[in-house]
Amino acid sequence: MAKPNDVAIYFDSSLCTGCKGCQVACKQWNELPAPLGHNVTEFSGSLQSPMDLNGDTRLIQTFHEEESGNKFQPINWAIGRRSCMHCTDAACVEVCSSHALFHDKNGIVNFDTEKCNGCQYCRTACPFDVPRFRPGDHKIDKCTACMDRLEKGGIPACVKTCQPEALRFGNRDEMIAKAKARVEVLKAKGFSKAEVYGETEMGGLHVIYVCKHGHEAYGLPTNPQKKAVYDSHKLFRPLGGIAAAATVAGLALSWISARKYHRDDLTIDEAKKTWTPEQQAKADAELKAALEEKEEK
Amino acid sequence: MTRYIQRHSRLARVTHGVAAVSCIFLALTGVAVFTPAISEALGGTFVYWMRMLHRIAAVPFILFPLIALVRSPKGAAHLFKNNIFGKWDKDDWEFARKFVPYLFNPQKVHMPPQHEVKGAQRMADGGLVIMGILMALSGLVMWAEAGWIPGSTGIAMSASLIWAAHIIHDIGFLVIIVFGLGHIYLGAGIFQPYKGTANLMWGDGKVSEADAAYHWGYWANTRLGTGEGVTTEKK
Amino acid sequence: AADTAKKPYKLVSTQEFTNICCYCAGGCGVICSVRNGELVNLEGDPDHPVNKGGLCPKGATMFNLRNVVTPDRKVKHNESRLLKPQVRRPGSDKWEDISWEDAFNEIARHVKKTRDENFVEYEDGVLVNRNDGMASIGAAQLQTEEAWLVQKFCRSLGSVQIDNQTRPCHSSTPAGFAPTFGRGSMTSHWCDIENADVVMSIGSNSVESHPLSSRYIERAQRKGGTWIVVDPRYTRSAAQADLYACIRPGTDIAFFGGMMNYILSNNLWQDEYVKNYTNAPCLINPDFKFDPESGHFTGYNPDTHKYDDETWSYQTASDREWDTKGAMNWVTKPGVPKFKYPTVHEPKKDMTLQDPNCVFQIMKRHYSRYTLDKVSSVTGIDKEVLEKVYQVYTSTGKRERVGTILYALGETQHTFGSQNCRSMAVIQLLLGNVGVPGGGVNALRGEPNVQGSTDIAATSDGLPGYLNYPRQDKHAKLADWLAKETYADGYYTNKPKFMVSILKEWYGENATVENDYGYDWMPKLPHEYRDASMIPTWNRMRDGKVKGYFVWGMNPAHFAPNASNARRGLAKLDWMVVSDIVPTETSDFWKEPGFDVKSCKTEIYRLPAALIYERPGSIVNSGRMLQWREQAVPPLGQAKWDLEMMSEIFTRVQDLYRKEGGKCPEAVTKVNWDYKVDGKWSMERVARALNGYNTVTGKFLKTYGDLQADGTSACGCWIYVGYWNNDDAPLDHTKQPVYRRGTEDPSGLGVFPNWAWVWPANRRILYNRGAADMKGQPWNPKRDLLHWDEKAQKWVCYDVPDFVAAKDGKGVPPNNKAFMMTWEQYSRLFPNHGMADGPLPEHYEPWESPVKNQINGSQNNPCAIYTNDPSVKRADPDKFPIVATTYSVVEHWQAGGQTRNCPWLVEISPRPFVEMSEELAKEKGIKNKDLVRVWNNRGEVRVQAMVTKRLKPVMVDGKPHHILGCPHHFSFIGRYASDRWTMNDLTPNVGDPNSQIPEYRGFLVNVEKA
Ligand SMILES: Nc1nc2c(c(=O)[nH]1)N[C@H]1C(S)=C(S)[C@@H](COP(=O)(O)OP(=O)(O)OC[C@H]3O[C@@H](n4cnc5c(=O)[nH]c(N)nc54)[C@H](O)[C@@H]3O)O[C@H]1N2
Ligand SMILES: Nc1nc2c(c(=O)[nH]1)N[C@H]1C(S)=C(S)[C@@H](COP(=O)(O)OP(=O)(O)OC[C@H]3O[C@@H](n4cnc5c(=O)[nH]c(N)nc54)[C@H](O)[C@@H]3O)O[C@H]1N2
Ligand code: HEM
Ligand code: HEM
Ligand code: SF4
Ligand code: SF4
Ligand code: SF4
Ligand code: SF4
Ligand code: SF4
Ligand SMILES: [Mo]
């Protein structure tokens, strides 16, 4: 479970205007590129752009619109945030083949690019499909909660830039309390599906969402589970090591005990003499059959 | 003058050689992915390149056996029918039973004569071949999922398929490591009684009368009797 | 990157410089971190009271204007920036490099030739000293000091064809507000929105266009406030609102008229406020009428399409002359020019509001036609929704409640844009919401420094500080100007001080009382003064009458209504000078696909400008706050400050006239251009001129009180006196009021009185006398901005009072003089003059409309202008039945010169598109992302469709009508993103008679799958 002095990013979808300031502030601070060609990015048919995270995009805002049936507020426009959730039970950390991903202090799931070997197991294991491969340096990239800023007493770049205060940062428990209070307000305003997301999911996320229109509208999985794809590693990595070590040890022993052995060079006929009569008979029979077969040809 | 029996064709030797070298290479590079300590010590980029080499090594590993299969379908059929899935007789069982004690006490433990492929050898070689095939298949799945070339986006796959691929690859690795180590130990003749066997696959593919008689008595007896593939050469 | 502890922290050993965002008029503070002369980071200033560290996507990418990140995560300079001056020779198809020196000399030569060949000395017998062959556009992207010099530069060269971003943007706002309140600006400021009980956004998509506003609106909501959004589209603002009404473009006056009717027929007005602080009780000439049949007020002349406003006047109770011995004794001082003093005509009033000729009753009658059914039928707003909106908003008419209206281009950009603005002002007055914290009519200004460039009047019809520019028919001599422009009463009795101080700065030593302070050298506006504004200027270019064009950070080839017509105009010029940071459709108009380059003879100079953080200077945000930008890094390449360019060109032209003579050389040579310090052009030195100084002592003017009409004060813009007034450190911005950084807020109402400096006189809320009742007590104790302390006999103020609170050191007890900028000193629900198209807002259909006017007999504004130019090619509703409206998206900025050159922004909004309803898409067989063709008689565009539930057809007069949403940011030049098509090739180049603003909203098109 998340620890009491853990921190969290608070995201209140009911205050987010979908301006994507957070998206670009992330790039600015973290010096992440966007394509430098002419008219490279295609029109997505939506305000969401790019449509998905990528190796140079740690955060996107998502857009989903439905009619509400209420003529005074006719659209339920779910504007969400897609980025790393900094799970307490982080599948990515568990599966990481290089220990590049790790739980930093405060519960944030950070990573060390130096170590990452780009195997992308983390991406496949992540229940939120977050980490992304960067072809350029063959490494994975994802939100680090701007750990470098946090270490200097700052707040994440995306949080700081958010004009309507939809993003906040602070003690996780406080963020949860804030989210719960906000959900009550939204419910009173008639948003019956309003809910908090992230309190318990994956052992407790370090991004606490206020979902104005219910978590499904934002594409957040109900009861997320780490994808069990790499569970085998847990068993086989040690097992492989043990088996290899045992084999090598066994063979070394064998080598030592056999070191002195010298066998004589026997012809087949000499050798046959050491066989049992039964074996000799079998050998003779087989030779006969073979010769007959040869004859036939 | 010594009599020799031709045991492995050129094609078999080349195929084996390439497969063997790439297999070892695959194992080494695979271990790098397997072992976080390596990334931590040598850096992710090093391991990244190991991973890329892993893929490169996979190509001959898959390609050469396939070529051999096309060039000599009979040989391949023989390999599977006789050398892997052949019947086990009393002597095979006895060999298998005695194998472990034999490894540690070849002076005392004496093995029964064997056919072309020893029963236990069948198990080990068969294991290697079948695991090799499974490794190739599961590896290809993982490869496709991650993207064929650096920079390409992978093919989306069901979680269970990816899971199966990883499980298989992991099991295969374990089996190949254990069997492969044993195989090399014996095949390279590190094990004293097997001295000289390396020549079978890595040399001219011929086995001397004495070695043949020691390892594959029945087979030697038959071959020498019929003279098939038997030559007489100066020692 | 953030991911390894191994890299040193990004901001290690950097130096910080404060700056202000170069996008919307929010004025968000930013911090530039610099290491070794290079920008390494740019983010929000956490101490800044307006943005509190926040930045919207554009602000957050300002780094990109100089630097971009490469795919391997290295930082390099943005290749779209212009790095050296270049020239395109006549007929050529490429740019050639040119030295600055040569460029300046050639341009000066062009200017002189054009001036000499197109000089008009006399017109209709009046000395006009005008250069009709030259025009200028732009200033709102420049520092205030530079923007001010743009107008001085042009006018000194005889040109009156000057405009800048305020024209297509918010020119309707001052046009509508000044006759109502006396001033033309946003009445409140950003932080104040938080104090509202109800926020109504209409024709403003502020969370996208002014993203900082979302902080304050949503804070208001969190405190229990309600947010109403009225817009043809369900916008990102609408998504956060509590109540949304979908309105047909161009029907806002019907909506407001309906609200006035709702207020007046349901007794919802704020009685104490209306009776005392407005002209509701004043009696109007009984001949005044409105005729619904014709749709005209009395005085309409169908031949000229103009009104004679004689019948709109007050009935006079008594007359009063100026007391030149007492309060007005300054007019008789030596050095003050002589002029005929105005007379105060005290209006007759009926404080019971019952007289049928009183303003109140006239309004009641006038708006009784705007019934819920009628308004619903005209606007397309569902009747229940409409009534709910009215009910919620008018609840702020209660004493203790307050509502704010936020608006922008949805209101201003119409042939009746100024009346839209007036409607909102009137509603706010009726509800008693002006001057109150959390209230006001908040014109959310657009460009970063459009407020500044409006203040300093880089527009054809103004002089700095909201004075009218001299017209040949009204103001032949200085005495005429003083006599006609000086108000009989109120603060504008001081206008002679402002005017003489302007002239004194302008001509320096050469301005004397004997030569009317140089007034005659100034070019005079023609009789048809509206022809000096931008739309007719392009038409005149096209017709070969304008020869030379200065473009200061503006992009007419793109932003102009009927832009292809404007581009045809550019192609006819002899020469053009474009100062910009990047290539634009204007500098490179000859690169448009299909353009015949060879036969285009325009010589074009493309001058690289420094960025806002590559030079110092001040900027004025929408809340009238002047803030100083520090230079953080040197200009890229050979880029220069606009100040340097302007000054180098101007002084060269002066030299040419000194050496060679020419037409009226004095008008050029007598101009004072002393803006150098130690041989370098100095922004601080210009600041001194803008703030003003005493011509005898050389000391800064401290306050407005220091302005004189006798030639002892020189001041570029009187409303700025006080922003740069510290004589102890005349060149150090950190010691000047403009750079104050106090974050305290004693009132708790977001006033922040010690942060920077706000005009006028550091007042944060205009007309703040309205914050208190007739006893001087706040309407609601929660919102105590100022109150009268009966015991102490003085006003206790948390903001600088915008009324006479003390005289001769003694408190002035509460009275009704709440609007000291009108001569009546109360506000005008009904202005006797100042509005070209009627004293009361009346609904007319947009110039192009698919339906008949259901409210009166005039289809369009009877005074709409520029409609006869052949290029207008009005669309026939049968062929073009779809109502189109243009607007912006949060990710891009206007013509896109900046944002389309920022890869980070291009990525989050990569391509142009049009928004349409699922219904329209279905009808036309269009699917999401399909390429569609949108066209009318003026032009066409082909862009992708965004099919969305957020747009819906509106029901007008019982029939459904489709609306097409057209963001307008793309065109054919751009390093990272461009498109062959220009949205403004579709918009009509017709204008509002008060403000000359084009009608970018509500015009007709058709659409099909391309
Ligand atoms: N991101 C961004 N911000 C900007 C700008 C930009 O280009 N991009 N431009 C800046 C500038 S210069 C300006 S002037 C401001 C403009 O600020 P805004 O006026 O807020 O911006 P727009 O998007 O042009 O228009 C506002 C809304 O008017 C609606 N509308 C259109 N026609 C009508 C109508 O007839 N009636 C009503 N009621 N509404 C209508 C549109 O649907 C749109 O949602 O923004 C400034 N801020
Ligand atoms: N259809 C339609 N058309 C519209 C509108 C609309 O709503 N609909 N809106 C109108 C409005 S409100 C406006 S304000 C106009 C805006 O029209 P423009 O002012 O033409 O648009 P911008 O893109 O702001 O252009 C500013 C230019 O200044 C340059 N620049 C930036 N900084 C500097 C500097 O320091 N020095 C110099 N010299 N140049 C600099 C930028 O690169 C950019 O090219 O468009 C109008 N056009
Ligand atoms: C022939 C084809 C093979 C292919 C295509 C293949 C491919 C792969 C791929 C794609 C991976 C995933 C890691 C990554 O993305 O880099 C992988 C992992 C691995 N491979 Fe292979 N491989 C093959 C054969 C082998 C063989 C023969 C061995 C060893 C004997 C081996 C040992 C491993 C090991 C140990 C791992 C790490 C497993 C894990 O962490 O799950 N591979 N292989
Ligand atoms: C250096 C390492 C190796 C050596 C010295 C070696 C040696 C040999 C020898 C001597 C044989 C012939 C045995 C016989 O004739 O019965 C053989 C057969 C074989 N080896 Fe290896 N081997 C090596 C590595 C490998 C590896 C890594 C593989 C795994 C893929 C492999 C797979 C096989 C198979 C499948 C056979 C049976 C071929 C047949 O029956 O025709 N070998 N090897
Ligand atoms: S910056 Fe804030 S308002 Fe803008 S998209 Fe991000 S979370 Fe939403
Ligand atoms: S969201 Fe995915 S990447 Fe982030 S911590 Fe959880 S499992 Fe890891
Ligand atoms: S790709 Fe993911 S799982 Fe693989 S090493 Fe890098 S961080 Fe770890
Ligand atoms: S916390 Fe930092 S790294 Fe994560 S999304 Fe926000 S800005 Fe990007
Ligand atoms: S564009 Fe406006 S809201 Fe955005 S950062 Fe700049 S000033 Fe602030
Ligand atoms: Mo604007």
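The values are calculated or read from the model by the stated rules, or taken from the named source; none is laboratory data. All values derive from a computational prediction rather than experimental measurement. Glycine also receives a Cβ, built like all others from the backbone with ideal geometry; neighbour counts cover every protein chain displayed. Surface accessibility is based on the protein's heavy atoms, side chains included, excluding ligands, DNA and RNA. Shrake-Rupley method; radii C 1.70, N 1.55, O 1.52, S 1.80 Å.
Side notes on the structure shown:
- Contact map, the stretch A:196-221: first residue acidic (Asp, Glu), second residue outside any loop (DSSP other than H, G, I, E, B) and open to solvent by less than 20 Å² (accessible area, probe 1.4 Å), Cβ cut-off under 6 Å, separation 6 or more or different chains; pairs are A:GLU199/A:ILE176.
- Condition check for C:ASP489: among the acidic types (Asp, Glu), open to solvent by 20 Å² or more (accessible area, probe 1.4 Å) and closer than 22 Å to C:ASN329 by Cβ: yes
- None of A:ASP52, A:ASP6 is within 16 Å of ligand 6 (Cβ to nearest atom), more than 20 Å from A:VAL130 (Cα to Cα) and either more than 9 Å from chain C (Cβ to nearest Cβ) or in contact (Cβ under 8 Å) with a residue 24 or more places away in the chain (or both) except A:ASP6.
- For the stretch B:138-154, filtered to residues that are at the interface with chain A (Cβ under 8 Å from one of its Cβ atoms) and not in a loop (DSSP other than H, G, I, E, B), the residue that is least open to solvent (accessible area, probe 1.4 Å) is B:ALA146.
- Count - residues of the stretch B:36-78 that are β-branched (Val, Ile, Thr) and crowded, with 16+ Cβ neighbours inside 10 Å: 4
- Cβ-Cβ under 8 Å pairs, at least 6 apart or on other chains, the stretch B:165-182 side facing chain A (nearest Cβ under 8 Å), far side more than 16 Å from ligand 6 (Cβ to nearest atom) and of a type in the set (Val, Ile, Thr): B:ILE177/A:THR247; B:VAL178/A:THR247; B:LEU181/A:THR247; B:LEU181/A:VAL248; B:GLY182/A:THR247
- Residue pairs meeting the criteria (Cβ under 6 Å; at least 6 apart or on separate chains; first among the small types (Gly, Ala, Ser), in the stretch C:80-96; second in a loop (DSSP other than H, G, I, E, B) and loosely packed, with under 14 Cβ neighbours inside 10 Å): C:GLY91/C:LYS598
- Yes/no for A:LEU32 being within 15 Å of ligand 8 (Cβ to nearest atom), in a loop (DSSP other than H, G, I, E, B) and assigned by TED's automatic domain parsing to the domain that holds A:ALA166: yes
- Strands (runs of 3 or more DSSP E) enclosed by the stretch C:67-119 - at least 3 residues per element that are touching a helix residue (DSSP H, G or I) at 6+ places or on another chain (Cβ under 9 Å): C:86-88
- Residue ranges of helices (runs of 4 or more DSSP H) in the stretch C:133-217 with at least 2 members within 14 Å of another protein chain (Cβ to nearest Cβ) and more than 16 Å from ligand 8 (Cβ to nearest atom): C:206-209
- Among the residues of the stretch A:230-269, the ones that are within 7 Å of chain B (Cβ to nearest Cβ) and within 29 Å of A:THR124 (Cβ to Cβ) come to 9 in all.
- Whichever residue in the stretch A:113-122 is touching a residue at least 24 places away in the same chain (Cβ under 8 Å) and either within 16 Å of ligand 10 (Cβ to nearest atom) or not polar (S, T, N, Q) (or both) and, among such residues, is most open to solvent (accessible area, probe 1.4 Å): A:TYR121
- Given (1) surrounded by fewer than 21 Cβ atoms within 10 Å (Cβ to Cβ); (2) without any contact (Cβ under 8 Å) to a residue 24 or more places away in the chain; (3) not small (Gly, Ala, Ser), index of the condition C:TRP673 fails: (2)
- C:SER209, sole failed condition from (1) open to solvent by less than 10 Å² (accessible area, probe 1.4 Å); (2) within 15 Å of C:ALA25 (Cβ to Cβ): (1)
- The stretch B:54-82 residues that are of a type in the set (Ser, Thr, Tyr) and outside any helix (DSSP H, G or I), paired with ones that are open to solvent by 50 Å² or more (accessible area, probe 1.4 Å) and within 10 Å of ligand 4 (Cβ to nearest atom) (beta carbon under 8 Å, 6 or more apart): B:SER72/B:SER9
- Residues satisfying the stated conditions in the stretch C:772-787, i.e. out of contact with any strand residue (DSSP E or B) (no Cβ under 8 Å at 6 or more places or on another chain), open to solvent by 40 Å² or more (accessible area, probe 1.4 Å) and not hydrophobic (A, V, I, L, M, F, W, C): C:PRO781, C:LYS782
- Members of the stretch C:615-638 that are farther than 20 Å from C:LYS735 by Cβ, surrounded by fewer than 24 Cβ atoms within 10 Å (Cβ to Cβ) and not aliphatic (A, V, I, L, M): C:PRO634, C:PRO635, C:GLY637, C:GLN638
- Top-ranked residue in the stretch C:218-237 [being part of a helix (DSSP H, G or I) and in contact (Cβ under 8 Å) with a residue 40 or more places away in the chain; ranked as farthest from the other protein chains (Cβ to nearest Cβ)]: C:ALA220
- Among all residues of the stretch B:119-136, there is none that is assigned to a loop (DSSP other than H, G, I, E, B) and among the β-branched types (Val, Ile, Thr).
- Among the residues making up the stretch C:490-523, those that are over 27 Å from the mean Cα position of the chain (by Cα), assigned to a helix (DSSP H, G or I) and among the small types (Gly, Ala, Ser) are C:GLY508, C:GLY518.
- Verdict on A:ASN110 being within 10 Å of another protein chain (Cβ to nearest Cβ), part of a strand (DSSP E or B) and open to solvent by 20 Å² or more (accessible area, probe 1.4 Å): no
- Every residue from the stretch A:89-107 that is open to solvent by 20 Å² or more (accessible area, probe 1.4 Å) and within 9 Å of ligand 7 (Cβ to nearest atom): A:VAL93, A:HIS99
- When C:ASP45 is tested against (1) open to solvent by less than 10 Å² (accessible area, probe 1.4 Å); (2) at the interface with chain A (Cβ under 9 Å from one of its Cβ atoms), only condition (2) is not met.
- Taking the criterion of being free of Cβ contacts under 8 Å to residues at least 40 places away in the same chain and open to solvent by less than 10 Å² (accessible area, probe 1.4 Å), the only residue of the stretch C:239-275 that qualifies is C:ALA239.
- Of residues in the stretch A:9-26 being outside any loop (DSSP other than H, G, I, E, B) and at the interface with another protein chain (Cβ under 8 Å from one of its Cβ atoms), the one nearest to ligand 8 (Cβ to nearest atom): A:ALA25
- With respect to (1) without any contact (Cβ under 8 Å) to a residue 60 or more places away in the chain; (2) more than 14 Å from every other protein chain (Cβ to nearest Cβ); (3) under 30 Å from B:GLY217 (Cβ atoms), the lone exception for B:LYS90 is condition (2).
- Strands (runs of 3 or more DSSP E) wholly inside the stretch C:866-967 containing at least 3 residues that are within 13 Å of chain A (Cβ to nearest Cβ): C:913-917, C:940-948
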